[in-house]
Amino acid sequence: MNIREALGWAVSELRSAGVDTPERDARAIVAAIKGIEPMRLRLMPGDPLGSIADQRTLDESLTARKHGMPVSKIIGRRAFWKHDFHVTTEVLDPRPETEILVELALQEPFTRVLDLGTGSGCILISLLAERPAAKGVGTDISEKAVLIAGGNAARIGVADRIILPLSDWWDDVGGQYDLIVSNPPYIAAAEMIDLQTEVRDFDPREALTDEADGLTAYRRISAGLMAHLTPGGRVLLEIGPTQADAVMAMLAGEGLTDITVHADLDGSDRIIGARKSM
């Protein structure tokens, strides 16, 4: 089987299964098997796909995609900000709207950054890669997530400036930071049934929902901010589109100031920023 044949078969299989983007997904999967970028496939249509094992990998990958697994989890990587991050079903799949948090964080200087619930490390590692003098801490309750984040930090070249402790929010976090960021689980338990299959079945459930009203993590985070922010330090939190008022009230109740809400490209409330007074 050559690449042209592999692509044709893959597109046909995905289209017949009702996958929304069969051509794009087929290119990504075949390119990953070949170890090249998708755009290079057009330059080598007659080249063989590879070994029998590669053909078996293609078949298994298409089966996984037809069952709803996102391409990123099949090929093991997701582009975020300026880098590719290794992802598995053990970590949240980085999403474009989270890049808004990174963009906002980079609008002001920082030297010590804390990422609560780091997952793949995509937020923290992206920030450290942009600020070579900064150091960071990324916490998670999942040992597998911490290992994935550590691998991503090594590949992207920031491992010497990052610490990744196992911690349930503030439990094992010391010191103060001039920037604290988090994309915590904010989906209410009752909303889980409405999620896309790609999200509900292939992202870790504990990274999606608190099994309650979706606000538990913000209560925990808000309660520790004043103790862990330096004077003038900032916090940036990703939120669900209906949670702005509740989270703003929590931050104000803890004494934070300059509380602002930032929308995503769809106009939905997405990031809340606040500051500890000098």
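The values are calculated or read from the model by the stated rules, or taken from the named source; none is laboratory data. Every value quoted in this text rests on a predicted model; they were computed, and no experiment measured them. Please note that ligands, DNA and RNA were not included when accessible areas were found on the heavy atoms of the full protein model with its side chains. Shrake-Rupley method; radii C 1.70, N 1.55, O 1.52, S 1.80 Å.
Annotations for the structure displayed:
- The convex hull drawn around the Cα atoms of the chain, when projected onto a plane and averaged over every direction, covers 15.2 nm².
- Global geometry of the range 25-86, whether rounded, prolate or oblate, following the gyration tensor of its Cα atoms and the 1.5 cut on a/c: oblate
- When Rg and Dmax are taken over the Cα atoms of the range 2-154, they come to 18.0, 52 Å.
- Under the Debye formula (equal points on every Cα, no solvent term), log10 I(q)/I(0) of the range 68-113 at q = 0.14, 0.17, 0.26, 0.32 Å⁻¹: -0.42, -0.57, -0.95, -1.15
- Gyration tensor verdict on the range 155-233 (Cα atoms; rounded if a/c is under 1.5, prolate if a/b is larger than b/c, oblate otherwise): oblate
- Of all lysines in the structure, the ones whose alpha carbon falls short of 22 Å from that of LYS276, not counting any fewer than 8 places away in one chain, are LYS135.
- Rolling a 1.4 Å probe over the heavy atoms of the protein chains gives the chain an accessible area of 46 Å² per residue.
- Summary of the geometry: the range 100-179 and the range 226-278, compared by the centres of their Cα atoms, lie 19 Å apart.
- Put simply, the Cα atoms of the range 79-164 extend 33, 26, 21 Å along their principal axes, the longest span coming first.
- Summed over qualifying helices (DSSP H, 4 residues or more, each -39500 (n - 2.57)) and divided by its residue number, the chain shows a 222 nm mean residue ellipticity of -11500 deg cm²/dmol.
- Kirkwood Rh and Cα Rg combined as Rg over Rh, evaluated for the range 44-123: 1.13
- Three-way shape call for the range 127-179 based on the alpha-carbon gyration tensor, with the a/c threshold at 1.5: oblate
- For LYS34, the lysines whose Cα falls under 23 Å of its own Cα, not counting residues fewer than eight places away in the same chain, are LYS66, LYS73, LYS82.
- All-pairs alpha carbon distance profile, the range 196-278, 10 Å steps from 0, percent: 17, 44, 30, 8, 1
- D_trans [Stokes-Einstein, Kirkwood Rh over alpha-carbon pairs] for the range 4-53, 25 °C, 0.890 mPa s, µm² s⁻¹: 222
- Histogram of C-alpha separations across the range 121-278, 10 Å bin width, %: 10, 36, 39, 14, 0
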